[in-house]
Structure formats: structure tokens, C-alpha cells
Amino acid sequence: MSDSTPTPEESARTWDTRIGAYVNSLPMELRRDEAYLPQDVAAMSASAKVKLRRIYGVMDRLSAATEGYVACQRGCADCCRMNVTISAQEARMIAEASGRIAAPLATSREHDNREFLGQPCPFLVDNACSVYDVRPLVCRSHFSFDATAHWCAPERSTTVQMQLLRFSGARRAYDGVVGDGPATIKADIRDFFPPA
């Protein structure tokens, strides 16, 4: 490795530091909003689509607060070239927004984490998300808390275990909306929208 290439150990220390700094920088109101999402969303008398939009709104606020703490930036689309597991409800929202027809899946599909490595998401256009406003929760909550995008490159992304922030309130609220049991259909975005 060259002197400028971070070692996994150096990056792990960077992730710890930057995640801690990010969490500490969050306004208490935003932390509270994320923590109480499961209760707030469960109390809503609304459709799954409206509930997901509420979750997405809080995640968008959390995402805006990552500036200065993550390697992620516009035009960096390495995370769009890996597995992207979404729910059937999210596939319907993407279909509605994009005009594409989502494949009807009768069961969930699980994939090895290397299966789609290097393959672009079907909605990646010129290194930008063409369905950004309805991008799924997994995309809204995936951040590299490293100083560079070195470990994000598909050829290196599975060589280290990146530390990701779980956003447990948003995740529990999401599972409450889309389901988290055997009847819930989740699959890779490419299963719902196979490349043409």
C-alpha cells in the first residue's frame, strides 16, 4: 500500500471518531425524532406510503447533518454498485415515480453480498440516482464515515467491515411499516427491476 492509502485499522479509528462526532453534533430534537419514529409512525392513521415518507423525511434530515463527517458526495456512486435490498412497498413507490413496472415477487430473495458487486442499480444514471426522492431506506441510511471513499470501491468494499450507523429508530419504524416476518417480501432492487 502507498503512504496515502489507509489501512483497515486506520480507517476503523477514523470511523469511530467521525461517527462519534456526527452523533454528538446532532440536535437533540433530531435525535429524539429518530428515536421516537417507531411510536410516531405506528400512531399514524395513514397508508404505508405516507408512513414511509415520514421515515424518509427524518432520514433526510439525518443525512443533511452528515456533511463534514462522511466521504459521501454527489457523483460518488460506489454504494449504488452493491446489493440494495428493498421492500415490495418501496418497489411500488419506485415504480410509481419512475413509470417502470416492478416484477411481482411471491417470496423474498436473499443474495450473497457479492452477487451484485460492481453492477449498477437500474436507477443509476450518470452516477446519480434517477429516483432520488423515493430512494429506499437502505440508500438513505448508508454512509461511509471514512475520510475518503477508498473502501467504498466495489473491488475493495468486501475486504473490510465498514462501521455503519444503524439508525435503530428509523429501522424499527420501517420494519413496522413494511413488516419483518416471513410474509414480508424483500429482495434486491434488481429483482424487482431487472436490467432491460
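The values are calculated or read from the model by the stated rules, or taken from the named source; none is laboratory data. A quick note: this is a predicted structure, and the numbers were derived from the prediction, not measured. Methodologically, a virtual Cβ is constructed for each residue, glycine included, from the backbone with ideal geometry; neighbour enumeration extends over all protein chains shown. The area values use the complete protein model at the heavy-atom level, side chains included, leaving out ligands, DNA and RNA. Shrake-Rupley method; radii C 1.70, N 1.55, O 1.52, S 1.80 Å.
Observations
- Listed peptides 182-191, 139-148 appear in the order 139-148, 182-191 once ranked by packing, highest mean of other Cβ atoms within 10 Å at the front.
- Solvent exposure of the chain amounts to 54 Å² per residue of accessible area, where only protein heavy atoms count and the probe is 1.4 Å.
- Shape parameters for region 119-172, alpha-carbon atoms, Rg then Dmax in Å: 12.8, 33
- Relative contact order computed over region 1-83 (Cα-Cα under 8 Å; 6+ residues apart), in percent: 38 percent
- Extension gain, Gln161-Ala183: 0.36 nm per intervening residue step, less the Cα-Cα distance, totals 4.9 nm.
- Taking max minus min of the alpha-carbon positions on each principal axis, region 86-128 gives extents of 30, 27, 12 Å, largest first.
- Using bins of 10 Å that start at zero, the share of Cα-Cα pairs per bin across region 1-67 amounts to 18, 34, 24, 16, 7, 1, in whole %.
- Charged side chains reduced to their Cβ positions (Lys and Arg at +1, Asp and Glu at -1) give the chain a dipole of some 580 debye around its Cα centre.
- Each of Met28, Met162, Met44 has its accessible area taken with a 1.4 Å probe; listed largest first, they run Met28, Met44, Met162.
- If you take the Cα centroid of region 95-129 and the Cα centroid of region 30-72, the two points sit 22 Å apart.
- Nearest-0.05 FRET efficiency for Asn127 and Glu29, computed from C-beta distance (R0 35 Å): 0.55
- Computed with a 1.4 Å probe on the full set of protein chains, the accessible area for Glu155 sits at about 130 Å².
- Cα gyration tensor category, rounded, prolate or oblate, for the chain with a/c compared to 1.5: oblate
- Solvent-accessible area assigned to carbon and sulfur over region 76-196 amounts to 51 percent, based on a 1.4 Å probe.
- Calculated mean residue ellipticity, 222 nm, the chain: -12000 deg cm²/dmol, from DSSP H runs (n ≥ 4) at -39500 (n - 2.57) each, averaged per residue and rounded to 500.
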